[in-house]
Structure formats: structure tokens, C-alpha cells
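Note sheet for the following structure.
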Amino acid sequence: MTVHFVGAGPGAADLITLRAAALLSAADVVLYPGTYLDAEVLSHCRDGARRVDTQDLDLDRITAVMVEAHVAGRDVIRLTSGDPSLYSALHEQTRRLDAAGVQWDVTPGVPAYAAAAAIVGRELTVPLVAQSVVLTRTQARSTAMPEGESLAAYAATGATLVLHLAITRTAALMAELTPHYGADCPVAVVSRASQPEELVLRGTVATIAGLVEDAGLRQAAVILVGPALASVTDPRAAESYLYSPERLARKERLR
């Protein structure tokens, strides 16, 4: 048997992949993060499947449930919010499974930042404005950030920033970003993207912290920061060379 790590997407039951839905429909045991996942995602599970909410379990207990189910010959799915490649503890859990001799694989999912960008209707990489996206988090009551991965260092590039697990520190973060992006730089906060409780806040580096405080947000939110979030009529934006008449004409000449 194999333990399947499956990205559950941002939360909506219809924003999981066909592969994820098929795996869920066949699983005997499904572990899921109840803090971040809309219950409707579990509607893909078959009747009789054991469902384990992991929000109050540590990694050793989570792994024990997976190993026990594997030994009993059960099909096991470990759901993660968004995509397993980001902040899913995949590294820690698979290391434990390897030590226990349990096979595993990974099915990707729609990442929360992609869902957030779709909801606000913005491309995060706009020609001549921003061509890089930094996915990061900040340190509060959490694991220390690696040396060199400071928010200021990323902000100095002018790239579009996506801040995960950071909503409770919005005011402090915006103060740190102001020298790099300016007080008027657009910011969007998307809480529980695609779920029934979805909330979208739009503001600037100067105003977003107040909006977050007024909304009482404490978890399950993504912060998007950068000039790429500005109006689509932003005069600084250029059009992509990939689809330009000049490129197509040059391509035709080279034929």
C-alpha cells in the first residue's frame, strides 16, 4: 500500500484535481487539516471512510495513524491545504514514513496564492512591472527563518510578494515593506479563498493593516503585495513580447 499526499486546493470541493477526487473516492483513511479545509472537500470520500482531523495532532501522532493504516492494508490519503509543495510539512512526514518503510507519493493541488490571485483578477507577473513572485512567510510563534531570507531582502527586489502564515503580523510587515514599495503600493488580502467564508480586502501598504484588524482575521489568509496588483490600466505596464506583432513578424521572416 502507498500513502498518498494530496493537495486539497484552496478549499472549494470543485477546485481539486480529477486525480485527487479519484484517490479520495477509493481511500479507506483520510487525514485532513480541519483548520484550513472546507468540509465539502470531504464529500469526495466514499461512505465508510475513516476521517481524521489533524489540527490537534502533532506530526508523530499523524504519522502513527498513517503507518497503522498502512500496516492494516488500508488506502491512506493525507490531505494538505493548497499544494503539498508549500508549507505542508511534507518533508517532516515523508522522512518519518521513510524510516518506517512506508511508500508514499504526492498529488499536486491548486495553491492558495493562485486562488487568491484569481479572485482579485490579477496576474502577478506584469511585463516591466514585476516578473518574479516571492512566496514566503514571516516568523512569529513559528520556526525560525533561514539566515538570509529576510523580508527586507525580498522586498528590495520589487517582486510581487505572497505572504503566507502572516496575517496576525500585518501591521508590522507593512511597516517593514513601506521603504521598499511605498505607502501607496496595492495590497490584497484573501481569506479562505474559494470557501463559503471567503473574504477579500483591497487596500495599500498604508491601509491594509487597519482593514485586517477591522475584519478580525487571524488565520487562513494570504497577503499579496506589489505594483502588479495595480489597475490593468497602469501606464508602467508593457505588453508581453511573446504575443507582440514584432515577435510574430520576426518569426515569419526567419521561416
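The values are calculated or read from the model by the stated rules, or taken from the named source; none is laboratory data. Given the structure is predicted, the values throughout are model-derived calculations rather than measurements. We place every Cβ from the backbone using ideal geometry, glycine too, and count neighbours over all the protein chains shown. Surface accessibility is based on the protein's heavy atoms, side chains included, excluding ligands, DNA and RNA. Shrake-Rupley method; radii C 1.70, N 1.55, O 1.52, S 1.80 Å.
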**Fill in**
1/(1 + (r/R0)^6) with r = Cβ-Cβ of GLN103 and LEU59, R0 = 22 Å, i.e. FRET efficiency to nearest 0.05, evaluates to 0.75
**Request:** Using just the helices of the chain, give the 222 nm mean residue ellipticity in deg cm²/dmol: DSSP H runs with n ≥ 4 each add -39,500 (n - 2.57), and the total is spread over all residues, rounded to 500.
**Result:** -8500 deg cm²/dmol
**Request:** Obtain the nm distance between the two label points defined at GLN131 and ASP214 by a simple spin-label model: each point lies 7 Å from its Cα along the Cα-to-C-beta direction.
**Result:** 3.8 nm
**Asked** Which length gain, in nm to one decimal place, applies between SER231 and THR17 when the Cα-Cα distance is subtracted from 0.36 nm times their residue separation?
**Response** 73.9 nm
**Message:** Just to be sure I understand: with springs between alpha-carbon atoms less than 10 Å apart, which residue in ALA221, ALA183, ALA12 has the highest mean-square fluctuation in the Gaussian network model of the chain?
**Reply:** ALA183
**Prompt:** Taking only Cα atoms, what is the 0 to 90° angle, nearest 10, from helix 170-181's long axis to the longest principal axis of the chain?
**Reply:** 40 degrees
**Asked** When only DSSP loop residues count, what trypsin sites (Lys or Arg not before Pro) in the stretch 180-224 have their Cβ near at most 15 other Cβ atoms within 10 Å?
**Response** ARG218
**Item:** For VAL187, residues with placed amide H under 5 Å, excluding near neighbours
**Value:** GLY203, THR204, VAL205
**Fill in**
If every Lys and Arg gets +1 and every Asp and Glu gets -1 at its Cβ, then about the Cα centre the chain yields a dipole, in debye to the nearest 20, of 620 debye
**Of all accessible heavy-atom area on the chain, the percent that carbon and sulfur account for (1.4 Å)** = 52 percent
**Prompt:** So for the stretch 1-78, taking the charge dipole from beta-carbon charges (+1 Lys/Arg, -1 Asp/Glu), which of ALA13, GLY34, MET1 sits furthest toward the positive end?
**Reply:** MET1
**Prompt:** In degrees, nearest 10, range 0 to 90: what is the angle between the Cα axis of helix 90-99 and the longest Cα principal axis of the chain?
**Reply:** 30 degrees
**Asked** Which trypsin sites (Lys or Arg not before Pro) from the stretch 1-109 combine a DSSP loop assignment with at most 14 other Cβ atoms within 10 Å?
**Response** ARG46
**Request:** Using amide H atoms built 1.01 Å from N in the peptide plane, name the residues 5+ places from VAL3, or on other chains, whose amide H lies under 5 Å from its own.
**Result:** GLN103, TRP104, ASP105
**Message:** So if the hydrodynamic radius of the chain is defined as the Kirkwood radius over C-alpha pairs, what does Stokes-Einstein give as its diffusion coefficient at 20 °C and 1.002 mPa s, in µm² per second?
**Reply:** 107 µm²/s
